[in-house]
Amino acid sequence: MVSSPPPSGIYVPVPTFFASQSASNYDPVNNPLDLETQTKHSIFLVKGGVRGLVILGSTGEAIHLTNKERNELITSQRKELDNAGFKDRPIIAGTATQNIEETLIQLEDAKKAGAEYGMVLTPGYFASAASQQGIAKWFEAVADKSPIPIMIYHYPGVTNNVVVAPSTFERLAQHPNIVGCKLSHGDIPDHTLIASSPKIDPSHFKVFSGLGQNLLPVLTIGGQGAIDGLAGIFPRVVVKLFNLFQEGADNKQLRELQFKICEGERLIGRWGTVGIKAAVYWQYIKAGRLKWWFLVILSAATFRLLM
């Protein structure tokens, strides 16, 4: 059976919120999740027009979480979205492991917790030995046994610069259980070679940019939306650009809005997860911190931004 891809549109790789220092259950070493804040942010996003949520992505500090925490996050947010009347907003669960078996365990857990899709990061520990044939076989082995449809998460910046070639995407797009990709890099020619490839059926395999500053160019060459960090702060702005493009708005209006998004994306490019969390904290939630060991690698300026 051929799996269906997620709906086109804007998705947010949501940050994971932990108890603030003023909370009664705060622990500086093993800080618990703040599911109340998590839910507030999730509802804020979907009310802003976001099509779905990516939980346990890079922005969500997935590599810092236990399996129990991963499952709690997905279960709680699926329940709260449903209760708020947003059953139609899919949850995409990220995985970032290096072996097939553990990836499949996480995908099975994600399905049980309520996720509709998995977003699987390219393995990159032995990057120097990686081949396109090996990458393709790895994803095919995962997809063969995954209980939910998967998307390929191509983020060279966190996989030792492992590159998945457009020809490899053309091969993987033929798999009935691989339904799309998130391209977290700025290579527009590669976006084009994938999104516009005559060998890829866009009704089965959808291309999403991982960078909001690429949204308009990617839409023009056949991309289906973005999974964008800035949309976690200003969802309506990014959603508006997507909707205006679908409605056939004039180029001047589209370019002006894309320019504003690019200006905002400087925050994401400079500060990453830290900047996203700080912006959400200051503007909307006023709760939540990073895992403490994430802070030890930050520069003093970055630390001051967060605190």
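The values are calculated or read from the model by the stated rules, or taken from the named source; none is laboratory data. What you are looking at is a predicted structure, and each value in this text was computed from that prediction instead of being measured. Methodologically, a virtual Cβ is constructed for each residue, glycine included, from the backbone with ideal geometry; neighbour enumeration extends over all protein chains shown.
Of note:
- Residue 22 touching a strand residue (DSSP E or B) at 6+ places or on another chain (Cβ under 7 Å) and either on the phi > 0 side of the Ramachandran plot or surrounded by fewer than 20 Cβ atoms within 10 Å (Cβ to Cβ) (or both): no
- Test for residue 207: is it closer than 24 Å to residue 55 by Cα and in a helix (DSSP H, G or I): no
- Tally of residues being in contact with a strand residue (DSSP E or B) (Cβ under 7 Å, 6 or more places away or on another chain), part of a helix (DSSP H, G or I) and more than 16 Å from residue 159 (Cα to Cα) across segment 98-136: 3
Results for (1) closer than 29 Å to residue 68 by Cα; (2) hydrophobic (A, V, I, L, M, F, W, C), shown as yes or no for each residue.
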position: 100; (1), (2): yes, yes
position: 114; (1), (2): yes, no
position: 143; (1), (2): yes, yes
position: 147; (1), (2): yes, no
position: 157; (1), (2): yes, no
position: 174; (1), (2): no, no
position: 181; (1), (2): yes, yes
position: 185; (1), (2): no, no
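- When the helices (runs of 4 or more DSSP H) confined to segment 213-307 are screened for residues that are at pLDDT 75 or above and among the acidic types (Asp, Glu), those reaching at least 2 such residues are found at 251-280.
- Qualifying residue in segment 42-61 (condition: small (Gly, Ala, Ser), in contact (Cβ under 8 Å) with a residue 12 or more places away in the chain, at positive phi and surrounded by fewer than 19 Cβ atoms within 10 Å (Cβ to Cβ)): yes
- Taking every residue in segment 90-107 that is within 17 Å of residue 72 (Cβ to Cβ) and free of Cβ contacts under 8 Å to residues at least 24 places away in the same chain and pairing it with any residue that is of a type outside the set (A, V, I, L, M, F, W, C) and buried (at least 24 other Cβ atoms within 10 Å of the Cβ), at least 6 positions away or on another chain, yields no pair with a Cβ-Cβ distance below 9 Å.
- Subset of segment 110-129 (residues that are more than 14 Å from residue 150 (Cα to Cα) and either in contact with a helix residue (DSSP H, G or I) (Cβ under 8 Å, 6 or more places away or on another chain) or among the aliphatic types (A, V, I, L, M) (or both)): 112, 113, 114, 123, 124, 127, 129
- Those residues of segment 7-53 which are at pLDDT 90 or above, out of contact with any Lys or Arg (no Cβ under 7 Å at 6 or more places or on another chain) and either assigned to a loop (DSSP other than H, G, I, E, B) or of a type in the set (Lys, Arg) (or both), in sequence order: 14, 16, 17, 32, 34, 40, 47, 50
- Residue that is surrounded by the fewest Cβ atoms within 10 Å (Cβ to Cβ), among those in segment 153-186 that are within 16 Å of the chain's Cα centre (by Cα) and in a loop (DSSP other than H, G, I, E, B): 186
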